[in-house]
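Asks: Structure provided below as structure tokens; questions to follow.
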Amino acid sequence: MTTKPKVSKAALAEQFRGFIDPDYVITDDETLKPYECDGLAMYCEMPMLVVLPETVEQVQRVMRICSEYGVPVVARGAGTGLCAGAMPHKEGVVLSLAKFNRILKIDPLERTARLQPGVRNLAISEEAAQFGLYYGPDPSSQIACTIGGNVAENSGGVHCLKYGLTVHNLLSVELITMEGERITIGSDGLDACGMDLLALITGSEGLLGVVTEVKVKLLPKPEVAQVVMAGFDSIEKAGDAVGGIIEHGIIPGGLEMMDSHAIVAADDFAQAGYPREAKALLLCEVDGTEEEVHEHIAEAEEVFRKLGATSVRTSQSEEERALLWKGRKSAFPAVGRISPDYYCMDGTIPRRQLARVLLEMEKMSDEYGLRVANVFHAGDGNLHPLILFDANVPGEFERTEEFGGRILELCVEVGGCITGEHGVGVEKIRQMAVQFNDEELQQFHDVKAAFDPAGILNPGKGVPTLRFCQEYRSLEHKHEHTEADHG
Ligand SMILES: Cc1cc2nc3c(=O)[nH]c(=O)nc-3n(C[C@H](O)[C@H](O)[C@H](O)COP(=O)(O)OP(=O)(O)OC[C@H]3O[C@@H](n4cnc5c(N)ncnc54)[C@H](O)[C@@H]3O)c2cc1C
């Protein structure tokens, strides 16, 4: 819990203007407005002020001053996050890393890249391409999101099934603590001695420190990649086919699923040539050497046919492969065209539970009278249900939020987790009470206190208070009342 800052907005801005270009200390409402939310615009708050430092020393000074006065600090990358993690604190400072946008070094021999935190995810692969290399984790937002945000959220993407999440592709991070101390975590080697603090920092949602430099591993570009598209007349069959592929021993570069709403919306948008009558579609990419790909593609086609695919098509050129992915990668904006608003959820379940959870969601969709489009990383069981709603209809947002909460709690019930890659932020703070017990939550609080004893770094995000959790858990039958209300 933060206490009221011991400094006025004007006095704080004055101090910052002493060492940061005054144009980059923002205090007026009009210029502050774009910072009021991240990609989850359902949750907004205007910050007291925004600073855009240009050097690590400036970041350190901002942190020291904020520490001294008890002013909350929220780090911000590109603001594409989907859990309100970068939503400002109304009495706090937003510390934007937008000016830290340089690729410091690409080392083709080491296959590594040293980056400032504001470098865009896609820019890393674009720069590394000259050496035949690329950076593995590829969030669909990669054109805009930053590596600092990726570290804070432990971001994933289509290729993470085979190549791992952000945490598996990092070597080290430089971090500025709330007291302004500059520390490096991790090492240039494959392992660092001592406790694995790099894994602790990755996915810590800006609660433990501000990342000012990142060193990542780069991968050689695969010789060949092809994608098999398989249509199914039921979600259960598609769910079983996901398990079938893995059981067969193929680890695809990506294994993605879309349901009928998503198929039609994405196909209208990208003209990808999807089987529009299918109830579910799988895109299975295989990459590697020519022989490997040839063999695995034939096997994948056979597995899909055996498990009931109604159509199977394999890309025969780079253009065709890109087109099949274009539909998938533009599925979110495509769904945005068929509904005034949509709410993108993120939860993970064991793969074998895919069919059960998707069918359960269909029932909830009828119960709440809200359509759901599913487009997600099926291979790693990472669901992204998009609940379609209209914020202008009174009560519809609240119903959507509750529906989303129930999906997350269903993920926990079947042995999964309330987030796959988007983080907890403000959005999923209630469901932390379902995922963890008080002892586990207390351990998170203890870790937070070790880095930030005053609790002023991104407060109110990620880890709920124990009292809040007890209250939430005590809301017995919390959904039954609203179910009755919705008929
Ligand atoms: C259309 C769309 C598609 C998406 N697809 C994916 C996807 O496929 N996979 C996926 O994982 N995510 C996806 N996302 C979510 C989002 O892009 C990621 O979470 C991304 O990593 C956020 O990066 P950012 O730079 O925008 O961070 P922000 O949104 O600015 O911040 C996110 C969090 O990181 C913290 N933070 C940011 N920079 C730093 C720093 N330097 N030091 C410490 N903390 C910091 C913030 O405080 C906040 O808590 C998608 C988002 C959109 C809008």
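The values are calculated or read from the model by the stated rules, or taken from the named source; none is laboratory data. Please read these numbers as outputs of a predicted model, since none were measured by experiment. Cβ coordinates were reconstructed from backbone atoms using ideal geometry, including for glycine residues, and neighbour counts include every protein chain displayed. All accessible areas refer to the heavy atoms of the entire protein, side chains included, with ligands and DNA or RNA removed. Shrake-Rupley method; radii C 1.70, N 1.55, O 1.52, S 1.80 Å.
Asks: Can you tell me which residue among Ile20, Ile26 is closer than 30 Å to Pro139 by Cβ, aliphatic (A, V, I, L, M) and more than 28 Å from the chain's Cα centre (by Cα)?
Replies: Ile20
Asks: Next question, about the same structure. Which pairs have Cβ atoms under 9 Å, sit 6 or more apart or on different chains, and link a residue in the stretch 78-93 that is among the hydroxyl-bearing types (Ser, Thr, Tyr) to one that is in a loop (DSSP other than H, G, I, E, B)?
Replies: As it stands, the answer is Thr80/Asp38; Thr80/Gly39; Thr80/Ala86; Thr80/Pro139; Thr80/Ser141; Thr80/Ala144; Thr80/Cys145, since those pairs meet every condition given.
Conditions (1) out of contact with any Phe, Trp or Tyr (no Cβ under 6 Å at 6 or more places or on another chain); (2) in contact (Cβ under 8 Å) with a residue 24 or more places away in the chain; (3) among the aromatic types (Phe, Trp, Tyr); (4) open to solvent by less than 20 Å² (accessible area, probe 1.4 Å), marked per residue:
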site	(1), (2), (3), (4)
Val59	yes, yes, no, yes
Gly70	yes, yes, no, yes
Val74	yes, yes, no, yes
Lys105	yes, no, no, no
Glu110	yes, yes, no, no
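Asks: If you don't mind, another one. So, of the residues in the stretch 309-350 that are charged (D, E, K, R) and out of contact with any strand residue (DSSP E or B) (no Cβ under 9 Å at 6 or more places or on another chain), which turns out to be modelled with the lowest pLDDT?
Replies: Among them, the one singled out is Lys329.
Asks: I'd like to know if the stretch 251-259 contains one or more residues that are within 20 Å of the chain's Cα centre (by Cα), open to solvent by less than 30 Å² (accessible area, probe 1.4 Å) and acidic (Asp, Glu).
Replies: Yes, that holds for at least one residue.
Asks: Report yes if some residue within the stretch 5-23 is at positive phi and either within 11 Å of the ligand (Cβ to nearest atom) or open to solvent by 10 Å² or more (accessible area, probe 1.4 Å) (or both); otherwise report no.
Replies: Checked against the condition, which is being at positive phi and either within 11 Å of the ligand (Cβ to nearest atom) or open to solvent by 10 Å² or more (accessible area, probe 1.4 Å) (or both), the stretch 5-23 yields no hits at all.
Asks: A follow-up question, please. Across the stretch 211-235, what is the total count of residues that are assigned to a strand (DSSP E or B) and away from the ligand (no atom under 16 Å from the Cβ)?
Replies: Residues flagged as assigned to a strand (DSSP E or B) and away from the ligand (no atom under 16 Å from the Cβ) within the stretch 211-235 amount to 12.
Asks: Right, something else. Just to check your reading of the model, which residue among Glu421, Glu401, Glu360, Glu367 is among the acidic types (Asp, Glu) and crowded, with 19+ Cβ neighbours inside 10 Å?
Replies: Just a single option satisfies the conditions, and that option is Glu421.
Asks: With open to solvent by 10 Å² or more (accessible area, probe 1.4 Å) and touching a His at 6+ places or on another chain (Cβ under 9 Å) as the only criterion, which of Glu409, Glu440 stands out?
Replies: Among Glu409, Glu440, only Glu409 is open to solvent by 10 Å² or more (accessible area, probe 1.4 Å) and touching a His at 6+ places or on another chain (Cβ under 9 Å).
Asks: Another question, then. Out of Arg114, Arg120, I need the residue that is in contact (Cβ under 8 Å) with a residue 24 or more places away in the chain, in the same structural domain as Ser187 (by TED's automatic domain parsing) and in contact with a Lys or Arg (Cβ under 6 Å, 6 or more places away or on another chain). Which one?
Replies: Arg114
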